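The values are calculated or read from the model by the stated rules, or taken from the named source; none is laboratory data. No experiment lies behind these values; they were computed from the predicted model shown. Here the Cβ positions follow ideal geometry from the backbone for every residue, glycine too, while neighbour counts run over all protein chains shown. With ligands, DNA and RNA removed, areas are computed over all heavy atoms of the protein, side chains included. Shrake-Rupley method; radii C 1.70, N 1.55, O 1.52, S 1.80 Å.
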Amino acid sequence: MKTATRWEKALAILCHLLILILSLAVFGSIIQNESSDLSIHTVYARAGNFHELDSFFHSTANPMWHVLVVLLSMTGVPLFTSAVIITAICKLLVFALTHYFFTRWLQGSVRQWVITLLAVICSLVTGLCWPWYNPTVYLGAGSPNLWHSATHMIAMVWMPLCVVQIARVYDEFIRLEPEMGPKTVLDWKELCWLCFLLLCSLASKPSFMQVCLPASCLFFLFKWFQYPKNSRYFLQVLGWVTPAILLMIFQYMYYFGIIVPVQSEMILEFSLGKVKTTAIMVLLMQAFPMYALWVTRRQPKDTIYWLTLLMDVVGIVEFLILGENGLRAADGNFGWGMMSAVLMLWMVTLPRYVKSRSGEAAMTAGKRAVYGAGWALLGWHLASGIYYIWYLLSTGASL
């Protein structure tokens with residue numbers, strides 16, 4: 001076990017501070033643009049009133065960010081400043097969770113300063129920038145890391161917590177099943193925690209849950225076929241997840257014209273043109289993760305790995321075949337789910353790639369070339385992310 005030295009701990013603290021400062025600067029710039037998503041949702045938050053709780057649902061069915069902004073503004077901080085601070089804290093928390101899980105997954109394989117550097121890289125990468133196709137980086141390509149959507153930012157705080165807990169719920173079953181057999185059930189506190197995390201994610205924004213819940217249901221359904229005598233366990237899990245499923249159904253009824261008719265409708269939207277667009281987006285956002293999956297294909301694969309891969313596939317399929325019309329036709333909301341899953345894919349594949357490389361004591365020239373190509377690809381993603389941040393700060397653009 002390689003313990004962190006004093007300077008490595010100081011570096012981690014410094015990087016957390018720098019991520020916070022960078023986030024405050026970027027969000028402070030973006031919110032000046034009245035057409036930005038951050039500015040629009042701040043206006044929505046202004047209508048919130050704790051004496052009339054339904055006021056938080058006039059414009060959205062996921063009010064967590066708006067509630068936090070109003071709470072901070074009640075301390076005397078101006079509303080728009082509160083929005084910047086809350087969003088920056090969300091970005092910081094995503095970085096902190098990335099750093100925490102990278103430490104758990106990589107400790108003993110690489111030095112702590114490398115883990116900190118990897119967490120910074122994972123928090124900055126975007127889709128690859130092709131100047132002739134997506135000169136502003138995000139538009140036309142998407143990104144695992146978004147800087148313009150406050151509600152997406154807070155949803156990403158809950159994302160790794162949800163995935164890790166879902167995996168834990170299954171791994172605990174695998175640990176107990178040989179001894180308990182068909183009577184295997186989990187401690188209710190594990191499932192209560194899972195239910196809480198799923199509901200919090202939905203209250204932030206249902207974008208990640210739109211890929212997480214279907215993928216998780218498919219995963220557990222497949223495992224149910226593998227363990228047909230353990231229906232008691234699978235029904236127990238389903239019972240605790242049902243509140244989240246019902247809440248997501250309510251949210252989509254709100255957004256897709258059933259509860260609020262003036263919103264929009266969900267439609268099937270499949271075409272050859274969309275196949276091409278989706279393929280390019282997947283390539284640009286997932287070039288390094290896909291390469292890392294290939295390089296590490298012989299490494300052991302845990303539950304988090306399979307869940308993340310399944311979520312990524314579900315996100316791509318949803319974006320490929322579903323769309324919206326009406327007022328929200330241009331919002332691209334089914335792209336949010338895909339981008340959420342991509343960030344989790346980055347969080348899983350980057351440590352696997354580094355761990356695979358650190359496990360190679362002596363490499364042939366061919367293997368050095370293979371890993372070198374991966375580092376070059378990672379550098380391209382990182383350079384694109386840094387350029388995108390510079391673009392946002394220098395132009396005042398909202399996307």
(message) What are the pairs with Cβ atoms under 7 angstrom where one residue, in region 176-188, is within 18 Å of residue 240 (Cβ to Cβ) and the other, located anywhere, is of a type in the set (Asp, Glu) and open to solvent by less than 70 Å² (accessible area, probe 1.4 Å)? Sequence gap at least six, or different chains.
(response) 184/177; 186/172
(request) Look through region 28-59, keep the residues that are surrounded by fewer than 13 Cβ atoms within 10 Å (Cβ to Cβ) and assigned to a helix (DSSP H, G or I), and return whichever of them is modelled with the highest pLDDT. (result) 53
(request) May I ask you to say which residue of 72, 97 is surrounded by 17 or more Cβ atoms within 10 Å (Cβ to Cβ) and more than 20 Å from the chain's Cα centre (by Cα)? (result) 72
(request) Filter region 298-330 for residues that are in contact with a Ser or Thr (Cβ under 8 Å, 6 or more places away or on another chain) and modelled with pLDDT under 85 and give the result. (result) 324, 325, 326, 327, 328, 329
(message) Which of the numbered conditions does residue 17 fail, given that it passes all the others? Conditions: (1) open to solvent by 20 Å² or more (accessible area, probe 1.4 Å); (2) in a helix (DSSP H, G or I); (3) in contact (Cβ under 8 Å) with a residue 40 or more places away in the chain.
(response) (3)
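Test of understanding: among 213, 235, which residue is at pLDDT 95 or above, part of a helix (DSSP H, G or I) and surrounded by fewer than 14 Cβ atoms within 10 Å (Cβ to Cβ)? I'd like the intermediate steps shown before the answer.
On the way: 213 fails: surrounded by fewer than 14 Cβ atoms within 10 Å (Cβ to Cβ).
Of the residues listed, the single one that is at pLDDT 95 or above, part of a helix (DSSP H, G or I) and surrounded by fewer than 14 Cβ atoms within 10 Å (Cβ to Cβ) is 235.
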(request) Return the pairs, sorted by first residue and then second, in which the second residue is of a type outside the set (A, V, I, L, M) and part of a helix (DSSP H, G or I), the first residue lies in region 369-388 and is at pLDDT 95 or above and open to solvent by 30 Å² or more (accessible area, probe 1.4 Å), the beta carbons are less than 6 Å apart, and the residues are 6+ apart or on different chains. (result) 377/288; 377/291
(request) Could you tell me whether residue 139 is open to solvent by less than 10 Å² (accessible area, probe 1.4 Å), assigned to a loop (DSSP other than H, G, I, E, B) and in contact (Cβ under 8 Å) with a residue 24 or more places away in the chain? (result) no
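Which one of these is within 26 Å of residue 163 (Cα to Cα), open to solvent by 40 Å² or more (accessible area, probe 1.4 Å) and at pLDDT below 95: 339, 253? Steps first, answer last, please.
Numbers: 339 fails: open to solvent by 40 Å² or more (accessible area, probe 1.4 Å).
Step by step, each of 339, 253 is checked, and only 253 is within 26 Å of residue 163 (Cα to Cα), open to solvent by 40 Å² or more (accessible area, probe 1.4 Å) and at pLDDT below 95.
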(message) From the list 129, 195, exactly one residue is open to solvent by less than 30 Å² (accessible area, probe 1.4 Å) and in a helix (DSSP H, G or I). Which is it?
(response) 195
(message) Take the conditions over 26 Å from residue 243 (Cβ atoms), in contact (Cβ under 8 Å) with a residue 40 or more places away in the chain and either assigned to a helix (DSSP H, G or I) or open to solvent by less than 50 Å² (accessible area, probe 1.4 Å) (or both) and apply them to residue 119. Does it pass?
(response) yes
